[in-house]
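K.L.:
Quick one: structure below, then a few questions.
The values are calculated or read from the model by the stated rules, or taken from the named source; none is laboratory data. What you are looking at is a predicted structure, and each value in this text was computed from that prediction instead of being measured. Here the Cβ positions follow ideal geometry from the backbone for every residue, glycine too, while neighbour counts run over all protein chains shown.
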Amino acid sequence: MSNDLWETHAEWWIDGFTAGADPEYEEQILPLAARELAGATRVLDVGCGDGQVSRLAARLGAQVVGIDPTWNCVSVANQRSGAVFARAGAAAAAVR
């Protein structure tokens, strides 16, 4: 999917799946993520969206960097805080 399409649909994700808008995400996905992140000290959240999982990891004590290809999501993530967020695609996160 091109960056333009991601940017176009970023608001759909923010409005439909964050801040309690999706009970299943809040009740199932975030607790699962919390179990997987337990004990993590550093987290790179690739495709972080508005930063829900990044904020969770930060609350659990990890240093967190979240990246997303959309300015809209990165802007909202930075406003909601809890981690460091930047606009980048997954290719930028590849470790060589």
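K.L.:
Limited to region 1-16, what total is found for residues that are in a loop (DSSP other than H, G, I, E, B) and either within 20 Å of ALA62 (Cβ to Cβ) or hydroxyl-bearing (Ser, Thr, Tyr) (or both)?
P.N.:
Step one: filter region 1-16 for residues in a loop (DSSP other than H, G, I, E, B), giving 1-2.
Those still in the list that are either within 20 Å of ALA62 (Cβ to Cβ) or hydroxyl-bearing (Ser, Thr, Tyr) (or both) too: 2.
Qualifying residue count, region 1-16: 1.
K.L.:
Here's something else I'd like to know. Taking region 66-87 as the search range and keeping residues that are under 13 Å from LEU44 (Cα atoms) and β-branched (Val, Ile, Thr), which one is modelled with the lowest pLDDT?
P.N.:
Per the stated criteria, the residue is VAL84.
K.L.:
For region 22-60, give me each residue that is among the charged types (D, E, K, R) and either in a helix (DSSP H, G or I) or on the phi > 0 side of the Ramachandran plot (or both). Lay out the reasoning, then the answer.
P.N.:
Filtering region 22-60 down to residues among the charged types (D, E, K, R) leaves 22, 24, 26-27, 35-36, 42, 45, 50, 55, 59.
Hits for region 22-60 are GLU24, GLU26, GLU27, ARG35, GLU36, ARG55, ARG59.
K.L.:
Please find, among ALA34, ALA40, ALA10, ALA19, the residue that is of a type in the set (A, V, I, L, M) and more than 15 Å from the chain's Cα centre (by Cα). Step through it out loud before you land on a result.
P.N.:
On the way: ALA34 fails: more than 15 Å from the chain's Cα centre (by Cα); ALA10 fails: more than 15 Å from the chain's Cα centre (by Cα); ALA19 fails: more than 15 Å from the chain's Cα centre (by Cα).
Criteria check complete, one pass: ALA40.
K.L.:
Another question, if that's okay. How many residues, within region 14-36, are surrounded by 15 or more Cβ atoms within 10 Å (Cβ to Cβ) and polar (S, T, N, Q)?
P.N.:
Final tally of qualifying residues: 1.
K.L.:
While we're looking at this one, here's another question. Of the residues ALA19, ALA77, which is closer than 27 Å to LEU5 by Cβ, assigned to a helix (DSSP H, G or I) and of a type in the set (Gly, Ala, Ser)? Step through it out loud before you land on a result.
P.N.:
Working: ALA19 fails: assigned to a helix (DSSP H, G or I).
None of the other options fit; the residue is ALA77.
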